[in-house]
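The values are calculated or read from the model by the stated rules, or taken from the named source; none is laboratory data. These figures come from a predicted structure and were not determined experimentally. Here Cβ is always computed from backbone atoms with ideal geometry, including for glycine, and neighbour counts include all displayed protein chains. Side chains included, ligands, DNA and RNA excluded: accessible areas come from the protein's heavy atoms. Shrake-Rupley method; radii C 1.70, N 1.55, O 1.52, S 1.80 Å.
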Amino acid sequence: MSDPVIGRRALLRGAGGLAALAALPSLAACGTGTSRTPSGSAKGGGKTVVVRDSGGSYGAALQKAIYTPFTQETGIQVKVLNLDDAPLLAQIKQGRPQCDLINNAMMSHLKYVKQDALETLDPDRVKSLKSAKIPDNQITEHAIGNSFYGQCIAYRTDAFDGRKPESWADFWDTKAFKGGRAMVSPDGDLPELEFALLADGVPMDKLYPLDVDRAFKVLTRLRADIKKFWDSGPLPGVLLSRQEVTMSTVWDGRIADLQKQGVPVERQLNGMRRQFQGYAIAKGAANVDNAYQLMDFSLRPEIQANLAKTFPSNPSSPVAYAKLTEDQRNALAGAPKYYDEGFDTDMDWWLKNESAVTKRWLEWARG
């Protein structure tokens, strides 16, 4: 499900990389964004809110499930910017953010915090937090998680004589489960060290801090069978459809699209890596009050459920799943029956180590 986190690894890697953005000249918005026009005092009061999201099919789902009903309920018009992190951070650092509410990866929000680019949130202004029962670990001083995407195994159901891979150990076992493999490159997502460690027998609750040396040794065992390193959400599906590989890592939301296209694929969620998406308010936002209203509206359990019906988004609210039918609920990687099969990414570890791991990954991939 690439859309919610388009350009995940296009985000500047590490807090140090973001620091350089302070010196960047002002950059215009891109995508479907519109220029900001004054709409009230510095703390809002007008009838507009500008939200950053990544567009695409995810943006269309947000419009249908959130923005349009929000405007109908409040009268506040929602303007959308599809803006990458670099220009957005540059605007904030210059005191001229074009957006108010930022819908982005929680890891990206942590990077923004290190640059003092986000407002400190007042949780009392987000009434839906209590009714949605957002997990405490997805509520920070500067951002609140709204959903997550899972990285898991996708495999061709016609490739292994009826056998089904059950774990990352099976992903690594190219004798029992023959065929090529595909894994992500740092341009698509965080390197998949966790999966290598799980394949080597490390328990999910003992993954962090990651044993980097051990992970690369395990990755090396599979290197000759990795036919492609993917850097965009659709590519694993293309490779599986063309039978260039029999298994690939994948963003969980992509599986349903492939199945609708008639591709004989299934997912294995055992050992799924979760990364959360969330809301934050840009430092110096012109419409803070309206940003809080849109955040509060978006986090309501029924609204999160409506979004999940429109797009394969896994709500952060456990209450939202109860508002879906059994089929709708179990189609999501966040369903209660699957949740304990996965683990949350340790963002603090990756913030400290991403740059060094990525450099080593690139050297390893080149052979």
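Could you tell me whether the range 339-346 includes any residue that is under 23 Å from ASP53 (Cα atoms), in contact with an Asp or Glu (Cβ under 7 Å, 6 or more places away or on another chain), of a type outside the set (D, E, K, R) and open to solvent by less than 50 Å² (accessible area, probe 1.4 Å)?
No, because not a single residue in the range 339-346 is under 23 Å from ASP53 (Cα atoms), in contact with an Asp or Glu (Cβ under 7 Å, 6 or more places away or on another chain), of a type outside the set (D, E, K, R) and open to solvent by less than 50 Å² (accessible area, probe 1.4 Å).
Looking only at the range 114-125, decide whether some residue is among the charged types (D, E, K, R) and in contact with a Lys or Arg (Cβ under 8 Å, 6 or more places away or on another chain).
Yes, the range 114-125 has at least one match.
Can you find, within the range 73-104, the residue that is nearest to the chain's Cα centre (by Cα) among those that are among the acidic types (Asp, Glu) and modelled with pLDDT of 95 or more?
ASP100
Cβ-Cβ distance below 8 Å, separation of 6 or more or different chains: which pairs start in the range 119-141 with a residue that is within 22 Å of ALA285 (Cα to Cα) and free of Cβ contacts under 8 Å to residues at least 24 places away in the same chain and end on one that is basic (Lys, Arg) and open to solvent by 40 Å² or more (accessible area, probe 1.4 Å)?
Within 8 Å, no pair qualifies.
Could you check ASP289 against (1) under 27 Å from ASP187 (Cβ atoms); (2) among the acidic types (Asp, Glu); (3) touching a residue at least 12 places away in the same chain (Cβ under 8 Å) and say which number it fails?
(1)
Given the conditions (1) touching a Ser or Thr at 6+ places or on another chain (Cβ under 7 Å); (2) more than 19 Å from GLY271 (Cα to Cα); (3) modelled with pLDDT of 95 or more, which single one is not true for LYS175?
For LYS175, the failing item is (1).
Among the residues that make up the range 133-145, is at least one of them over 19 Å from TRP364 (Cβ atoms), modelled with pLDDT under 95, open to solvent by 40 Å² or more (accessible area, probe 1.4 Å) and among the polar types (S, T, N, Q)?
yes
Testing LEU269 on (1) open to solvent by less than 40 Å² (accessible area, probe 1.4 Å); (2) farther than 19 Å from ALA159 by Cα; (3) modelled with pLDDT of 95 or more, one condition comes back false. Which one is that?
(2)
ALA333 fails exactly one of the following numbered conditions: (1) open to solvent by less than 10 Å² (accessible area, probe 1.4 Å); (2) at pLDDT 95 or above. What is the number of that condition?
Among (1) open to solvent by less than 10 Å² (accessible area, probe 1.4 Å); (2) at pLDDT 95 or above, the lone unmet condition for ALA333 is (2).
Given the range 249-367, what helices (runs of 4 or more DSSP H) lie entirely inside it while holding 2 or more residues that are among the small types (Gly, Ala, Ser) and within 24 Å of ASP213 (Cα to Cα)?
It comes to 347-366.
Hey, any hits in the range 218-238 for a residue that's touching a strand residue (DSSP E or B) at 6+ places or on another chain (Cβ under 6 Å), buried (at least 21 other Cβ atoms within 10 Å of the Cβ) and aliphatic (A, V, I, L, M)?
Checked against the condition, which is being touching a strand residue (DSSP E or B) at 6+ places or on another chain (Cβ under 6 Å), buried (at least 21 other Cβ atoms within 10 Å of the Cβ) and aliphatic (A, V, I, L, M), the range 218-238 yields no hits at all.
Can you tell me which of (1) within 22 Å of the chain's Cα centre (by Cα); (2) open to solvent by less than 30 Å² (accessible area, probe 1.4 Å); (3) modelled with pLDDT of 85 or more is the one PHE70 doesn't meet?
Every condition holds for PHE70 apart from (1).
What is the number of the single condition among (1) buried (at least 23 other Cβ atoms within 10 Å of the Cβ); (2) closer than 26 Å to GLY150 by Cβ; (3) at pLDDT 95 or above that ALA282 does not meet?
(2) is the only condition that ALA282 fails.
Has the range 160-173 got any residue that is of a type in the set (S, T, N, Q), assigned to a strand (DSSP E or B), under 26 Å from LEU362 (Cα atoms) and touching a strand residue (DSSP E or B) at 6+ places or on another chain (Cβ under 8 Å)? Don't jump to the end; show me each part of the working.
Taking the range 160-173 and keeping what is of a type in the set (S, T, N, Q), we get 167.
Adding the requirement that they be assigned to a strand (DSSP E or B) leaves none.
No, the range 160-173 contains no residue that is of a type in the set (S, T, N, Q), assigned to a strand (DSSP E or B), under 26 Å from LEU362 (Cα atoms) and touching a strand residue (DSSP E or B) at 6+ places or on another chain (Cβ under 8 Å).
Does PHE177 qualify as being open to solvent by less than 10 Å² (accessible area, probe 1.4 Å), over 21 Å from MET347 (Cα atoms) and not charged (D, E, K, R)? Break it down into steps so the answer makes sense when it comes.
Numbers: open to solvent by less than 10 Å² (accessible area, probe 1.4 Å): yes; over 21 Å from MET347 (Cα atoms): yes; not charged (D, E, K, R): yes.
In short, yes.
State whether the residues of the range 78-95 include one that is part of a helix (DSSP H, G or I), of a type in the set (S, T, N, Q), surrounded by 15 or more Cβ atoms within 10 Å (Cβ to Cβ) and touching a strand residue (DSSP E or B) at 6+ places or on another chain (Cβ under 9 Å).
yes
Anything in the range 107-121 that is modelled with pLDDT of 95 or more and either in contact with a Phe, Trp or Tyr (Cβ under 8 Å, 6 or more places away or on another chain) or open to solvent by less than 10 Å² (accessible area, probe 1.4 Å) (or both)? List them, or say none.
Within the range 107-121, HIS109, TYR112, ALA117, LEU118 meet the criteria.
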